[in-house]
Amino acid sequence: MSDISRENYDFLNSAKALSEMKGLICVPISIGQERIGVLVLHQFHSRGKLVEHDLQLLQGFADQTAVAIENARLYREAKTALHELAELSGQLQSRNQYLLKRNEIHDTLQQLTLQNKGVDAIIQTLQRMIGKPVSFIDCLQNQYYPQSAATRPTYSIDELSMIFSNRRTPVTLLLGKNNSACHYAYPIINGAVFFGCLTVETKLIPLPELDQIAIEQGSAILALELVKQQTISSIFYKKTHEFFQKLLQEKDPDALYARGQELGLSPSAAYSVVLFHLTPVQDLQQLDASVHRLVAMLKRRHKSIEQLVYGFHNHVTMLVSMNQQAVSQLIKQLGPMLKEWEQIESISL
């Protein structure tokens, strides 16, 4: 009893004062060569002496006790293993459902882009999938989807560009009085180029896992869609550049008139060209994105006078239908736009 715990000693002593004990016998409880305990028989009365037979009988009980303890241990281990197996099976089933749902979301969205359904169809499908208002802000073309003004977020494209200028992970935007509105914003980035942002209006923080999967898959599909659109635009710009250069070099009046008609130009109108120069950078993908953003900005702000606008390498050419005096005024108006550009873009204009 040299290593009995104080608690167990108190239990034993409270059952019967050990000071009254007249004798005892004890035998080991063993499983194989491992001793797991001791079985003790206390005698508190002097009637009858403990003999060798009593010791053998107690050892028989000890052996049965060892078997019972070992069975209990094996049962406990089996029960624990069964519980762990059931839990693991549940996790695998849940994971399988998760992967099936993920594949279903991916396949659904991929079909939209293969069928050239466009950005609007992708956003509408995402809204149906997660049952929450979803918006896409295209920072290349400076457009909102859905295009209805009533569904537009209250933050601007410039604000989003600044938020994700050095960030590649989603962020939760708290808006309105007392942060009453919550938006989950997921950036769409290709290489070093920030294409735009998917946002979800939600009351749950963090966004449920399946909703996050849908947004992640949607962002990947949108990135492919935007790269495709950017590639098509680049091809169009190249062809427009070649056509415009031929127009400038044309000497024959009849051929010049014919080429002008293809661009919708009037032979009696005055035209001028505004040429924008972007500082060359090593990252051609980033330069290409800046060119597309500038073209979109010019089309949006000067659509009343712009006759033709396209980008080529690190230049953007804008053909405008106005005389030289009006062009001088236009250049003054472009001053604030250049300052705004410098605040947002890393490439000088």
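The values are calculated or read from the model by the stated rules, or taken from the named source; none is laboratory data. For clarity, every value in this text was computed on a predicted model and none was experimentally measured. So basically every Cβ, Gly included, is an ideal-geometry build from the backbone, and we count neighbours across all protein chains shown.
Couple of notes before you dig in:
- A single entry from LEU204, LEU210 fulfils the requirement of being free of Cβ contacts under 8 Å to residues at least 40 places away in the same chain, touching a helix residue (DSSP H, G or I) at 6+ places or on another chain (Cβ under 9 Å), surrounded by fewer than 16 Cβ atoms within 10 Å (Cβ to Cβ) and of a type outside the set (Asp, Glu): LEU204.
- Only one of LEU109, LEU140 that is in contact with a helix residue (DSSP H, G or I) (Cβ under 8 Å, 6 or more places away or on another chain), within 22 Å of GLN285 (Cα to Cα), modelled with pLDDT under 80 and surrounded by 15 or more Cβ atoms within 10 Å (Cβ to Cβ): LEU140
- Residues that are in a loop (DSSP other than H, G, I, E, B), closer than 26 Å to SER268 by Cα and touching a residue at least 40 places away in the same chain (Cβ under 8 Å) within the range 295-349 comprise SER321, MET322, ASN323, listed in sequence order.
- The range 172-278 holds strands (runs of 3 or more DSSP E) entirely within its bounds, and those carrying 2 or more residues that are in contact with a Ser or Thr (Cβ under 8 Å, 6 or more places away or on another chain) and within 30 Å of LYS117 (Cβ to Cβ) map to 181-190, 193-201.
- Which listed residue is farther than 21 Å from ARG102 by Cβ, surrounded by fewer than 17 Cβ atoms within 10 Å (Cβ to Cβ) and at pLDDT below 75, from THR172, THR154: THR154
- Residue match in the range 50-64 (condition: among the polar types (S, T, N, Q), without any contact (Cβ under 8 Å) to a residue 40 or more places away in the chain and loosely packed, with under 10 Cβ neighbours inside 10 Å): no
- Scope the range 241-262; condition more than 18 Å from LEU275 (Cβ to Cβ) and either surrounded by 14 or more Cβ atoms within 10 Å (Cβ to Cβ) or of a type outside the set (A, V, I, L, M, F, W, C) (or both); matching residues: GLU250, LYS251, ASP252, PRO253, ASP254, LEU256, TYR257, ARG259, GLY260, GLN261, GLU262
- Every residue from the range 254-295 that is within 32 Å of the chain's Cα centre (by Cα), closer than 22 Å to GLY335 by Cβ and not charged (D, E, K, R): SER290, VAL291, LEU294, VAL295
Okay, residues lined up against (1) modelled with pLDDT of 90 or more; (2) assigned to a helix (DSSP H, G or I); (3) within 30 Å of GLY218 (Cβ to Cβ):
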site	(1), (2), (3)
VAL38	no, no, no
THR65	yes, yes, no
ASN96	no, yes, yes
LEU99	no, yes, yes
ILE105	no, yes, yes
ASN116	no, no, yes
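- LEU85 vs. criteria surrounded by 13 or more Cβ atoms within 10 Å (Cβ to Cβ) and of a type in the set (A, V, I, L, M): no
- Within the range 327-349, considering residues that are surrounded by 14 or more Cβ atoms within 10 Å (Cβ to Cβ) and more than 21 Å from GLN286 (Cβ to Cβ), the one nearest to the chain's Cα centre (by Cα): LEU334
- TYR184 vs. criteria in contact (Cβ under 8 Å) with a residue 60 or more places away in the chain and among the aromatic types (Phe, Trp, Tyr): no
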